[in-house]
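As structure tokens, the structure follows; a few thoughts come after it.
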Amino acid sequence: MEATPKNGIQGLVENWKSDLIAAVSVALIALPLSLGIALAAGAPAMAGIFSAIVGGLVTTFYRGGHISVNGPAKGVIGVILMGIALMDDGSGQAFNYVLAAIVVSGAIQMVLGLLKLGRLADIFHTSVIHGILAAIGIIIFAKQIHVAMGTQSDSPSIVQNLIDAVKFLPDANPFVLIISLTGLLLLLFHSKISYRFFHLLPAPIWVIALSIPFVYAFNFFDERTLSFLGKAYEVGPQLLLDMPDTIRDSIMHPNFAKINTLAFWTTVFSILIITSIESLAIAKAVDKIDPYRRKTDLNKDLTGIGLSTMVAGLIGGMPIIAVIIRSTVNIHNGAKTKWSNLYQGLLLLLFIVVLSPVMRQVPLCAFAILLVYTGFKLASPSVFKQAYNHGTEQLVFFIGTMVLTLYTNLLVGLLGGLLLVLLTHMLLARLSIPEFFKMVYSSRTKLLKRPDGTFDLKIRGIANFLGILKVEKLAMQIPAGADVNIDLSETRMVGMTYMDFLAEYLKTQRATGGEVFITGLDSHVSSSTYNRALKISLVSSVAKLSPRQKRLRNLATEKNYQYTSQVDWNTIYLKKFHFFEIRPIERKYNCLRGTFKDLDISWEIADVTFNEGQAFTAETFNTTLMVLKLNKKIPVFTMEKEGMLEKLFDRVIAFTGYKDIDFKMYPDFSKKFLLMGNNESEIRSFFTEEIIRFFENHQIYHLESNGEALVIFDKIKLARTDETIAFIDYGRELASLIGTKSG
């Protein structure tokens, strides 16, 4: 890995070119999304642009992140819509009242950051937050689907909006609908189009650009009616984006007249909670994909975002947060420092000045379909499946919070969701209310230092989201690089959010050179195999092996291998492979280990659960893989079946910059496999005729070398016992071939 880029002015001077190039892609994506988010929130279109510009020009100078991008995001749509509805008194000042709430929430957020309370976001239960985001997705979808169809639902009820979308489908304006469907097809298939020209611009820009010819074809510039299948439909300027002539004309100022009302403060705290939680969660997500492994100062980030939100609210902008899609684009396009965020703000300012006449020719339905697509992804079936995979009770929390939010508002949804979690925890722990809170706050959780310099963190009682701040305080007393044993054997219950915290701490401490072990969960049971699932201790419970686990244990006994069904938290070595560098590993378990003694090569076969995707919409996959730990150096390469698991490996190829290496003398091998690597001459030298013939004549696996070891797996599913045996035989034969090569 290359040296970490310098901070400050020196970083700006050294990396301006790469940061500027990345900022162009980010700004092109931010332009349509910022406009669309503002329109979806019932705000003036320029409110989104102001937010994105301030997010670049102001936030960059005071924030804790290194490479994230700041601006408006879909998470704020629901709170702005709610605020407008709560404070609409018919005076036409509803959004001005909301701007005042944005300014106040930003001020409170800034104070929270200065008081170093950024970690408060950790106490909000994960499934509750996901439930709120799903509700936001449904709100976005329900509101924007009518704009995309050219219909209108006047009901204040989100559920009724959805019902109306189905009811009004026969009345959809076909001249609007064709633009929306074209945009949707572009969003769905942009990544699959092989024609290179279509990849010069991001998908949202293509949706906007290709909508304009339809505007001219149907002449939306004049108020008139068009006929389709004998029915008349109205078209006209009301279907186009309405933007003021100059930026100065777009500026709006906050109105604090409602500051003494409950509606105002409900809006303030809704904005504060949603933006703080989402920003901090995304900051941590961006840290995971930062190629330089830098860590965000969460308190400083909160302060900077609060300051920027105040500035945005004072000129007519929306709340500012860190945004995951634009941050990911920023990283994948080579940004190195925080200055790329500044450049994207400057570029947006330039774009909106230069492209303003063009933007007035864009139909509203083009922006709407971008938001419909986004809303669906936030509440897609895969999101529900992920909640269920985390545990049956997590699905209950998720759906309960989502439904409560849809029928009330985001603040009630959040508080109600947390109350639902607490009540469920009490029932599962079989404790009365006083006993429950006593075991949360008065438990004898302690940190002990051993004579050898290692630490024991003994956690007792109820370990749920309410106790995270306490255990964090203890964890902060452990020096970097120290070995830690976290003992959960005397816990009555361990919640998922608590396990999330422990897993994150484990990764952080190991990154400093310390070893961390989480023990004492053998007598706990859960409703899911997810390693961070809620766990209940039952005195009489004994961990039972599944039939597959019993077969693996028997195989280990028969062949003198080592086997453990428990979660192995040591996954650092897997992160040295490109495939897992960009995919967070949830857990490794069912580990079978052995050594090919005659070759002095050790191996491990394990089930691995990993995430693919971005933040709140990530999908979870399971696979069984084999790692051959070689005793020699070999070239770094990736090899897979042509067309195999294309969706998952696309990002590996893009991330590494590898190119396909063909062997003209072995056409069958080159047709079967996609072989990639940077050092072509070393790879060609390594792939001797014997090794090529081996791959031609054996099961086709995905195979990757990091220079010291090989990772091998077949499908994104768990292997059967017979497939595990085949893995071992395959690994032995391959190891034998590699072992006979000169080092």
Against the condition aromatic (Phe, Trp, Tyr) and closer than 30 Å to residue 586 by Cα, how does residue 367 come out, does it pass? no
Residue 399: at pLDDT below 95 and either in contact with a strand residue (DSSP E or B) (Cβ under 6 Å, 6 or more places away or on another chain) or in a helix (DSSP H, G or I) (or both), yes or no? no
Out of all the residues in region 65-116, which are touching a residue at least 60 places away in the same chain (Cβ under 8 Å) and polar (S, T, N, Q)? 68, 70, 93, 96, 105, 109
Considering only residues that are over 24 Å from the mean Cα position of the chain (by Cα) and under 13 Å from residue 342 (Cβ atoms), which ones fall in region 1-28? 8, 9, 11, 12, 15, 16, 20
Within the set of pairs 6+ apart or on separate chains, which have a first residue in region 326-346 that is at positive phi, a second that is surrounded by fewer than 23 Cβ atoms within 10 Å (Cβ to Cβ) and assigned to a helix (DSSP H, G or I), and C-beta atoms under 6 Å apart? 334/18
Check region 21-31 and report whether any residue there is closer than 14 Å to residue 322 by Cα and assigned by TED's automatic domain parsing to the domain that holds residue 144. yes
Does residue 489 satisfy being out of contact with any Gly (no Cβ under 8 Å at 6 or more places or on another chain) and either farther than 19 Å from residue 127 by Cβ or surrounded by fewer than 21 Cβ atoms within 10 Å (Cβ to Cβ) (or both)? no
Hey, residue 640 in contact with a Pro (Cβ under 6 Å, 6 or more places away or on another chain), farther than 30 Å from residue 550 by Cβ and modelled with pLDDT of 80 or more or not: no
From the options 301, 287, residue that is under 27 Å from residue 584 (Cβ atoms), assigned to a helix (DSSP H, G or I), among the charged types (D, E, K, R) and out of contact with any strand residue (DSSP E or B) (no Cβ under 8 Å at 6 or more places or on another chain): 287
Out of (1) touching a residue at least 40 places away in the same chain (Cβ under 8 Å); (2) closer than 18 Å to residue 519 by Cα; (3) not assigned by TED's automatic domain parsing to the domain that holds residue 510, the one residue 603 does not meet is (2)
Out of the helices (runs of 4 or more DSSP H) lying entirely within region 429-544, which hold 3 or more residues that are touching a residue at least 24 places away in the same chain (Cβ under 8 Å), within 26 Å of residue 572 (Cβ to Cβ) and not basic (Lys, Arg)? 468-475, 496-511
Given the criterion under 30 Å from residue 102 (Cα atoms) and either in contact (Cβ under 8 Å) with a residue 12 or more places away in the chain or in contact with a strand residue (DSSP E or B) (Cβ under 9 Å, 6 or more places away or on another chain) (or both), identify the matching residue among 162, 177. 162
In region 340-356, the residues that are part of a helix (DSSP H, G or I) and of a type outside the set (S, T, N, Q): 342, 343, 345, 346, 347, 348, 349, 350, 351, 352, 353, 354
When region 434-446 is checked residue by residue, the ones that are crowded, with 17+ Cβ neighbours inside 10 Å and within 18 Å of residue 484 (Cα to Cα) are 445
Just give me the residues in region 229-240 being touching a Phe, Trp or Tyr at 6+ places or on another chain (Cβ under 7 Å) and either surrounded by fewer than 18 Cβ atoms within 10 Å (Cβ to Cβ) or in a strand (DSSP E or B) (or both), in sequence order. 233, 235, 236, 237, 240
With respect to the numbered conditions (1) surrounded by 18 or more Cβ atoms within 10 Å (Cβ to Cβ); (2) outside any helix (DSSP H, G or I), which one is the sole condition not fulfilled by residue 386? (2)
Restricting to region 189-216, name every residue that is of a type in the set (A, V, I, L, M, F, W, C), more than 20 Å from residue 233 (Cβ to Cβ) and touching a residue at least 24 places away in the same chain (Cβ under 8 Å). 201, 205, 207, 208, 210
Does any residue in region 229-241 that is more than 13 Å from residue 219 (Cβ to Cβ) come within less than 7 Å, Cβ to Cβ, of a residue that is small (Gly, Ala, Ser) six or more places away or on a different chain, and which pairs are these? 241/45
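Matching residues to (1) of a type in the set (Ser, Thr, Tyr); (2) surrounded by fewer than 19 Cβ atoms within 10 Å (Cβ to Cβ):
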position: 101; (1), (2): no, no
position: 128; (1), (2): no, no
position: 158; (1), (2): no, no
position: 175; (1), (2): no, no
position: 179; (1), (2): no, no
position: 194; (1), (2): yes, yes
position: 197; (1), (2): no, yes
For residue 393, which of the numbered conditions (1) outside any helix (DSSP H, G or I); (2) within 31 Å of the chain's Cα centre (by Cα); (3) among the acidic types (Asp, Glu) fails to hold? (1)
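A quick yes/no check of all residues on (1) modelled with pLDDT of 95 or more; (2) over 27 Å from the mean Cα position of the chain (by Cα):
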site: 265; (1), (2): yes, yes
site: 281; (1), (2): no, no
site: 312; (1), (2): yes, no
site: 351; (1), (2): no, yes
In region 509-532, what residues are β-branched (Val, Ile, Thr), surrounded by 15 or more Cβ atoms within 10 Å (Cβ to Cβ) and out of contact with any strand residue (DSSP E or B) (no Cβ under 7 Å at 6 or more places or on another chain)? 529
I'd like to check something: does region 348-364 contain any residue that is crowded, with 18+ Cβ neighbours inside 10 Å, closer than 30 Å to residue 424 by Cβ and out of contact with any helix residue (DSSP H, G or I) (no Cβ under 7 Å at 6 or more places or on another chain)? no
Take residue 191 and decide whether it is touching an Asp or Glu at 6+ places or on another chain (Cβ under 7 Å), modelled with pLDDT under 95 and assigned by TED's automatic domain parsing to the domain that holds residue 376. no
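The values are calculated or read from the model by the stated rules, or taken from the named source; none is laboratory data. None of these values were measured; they are calculated from a predicted model. We place every Cβ from the backbone using ideal geometry, glycine too, and count neighbours over all the protein chains shown.
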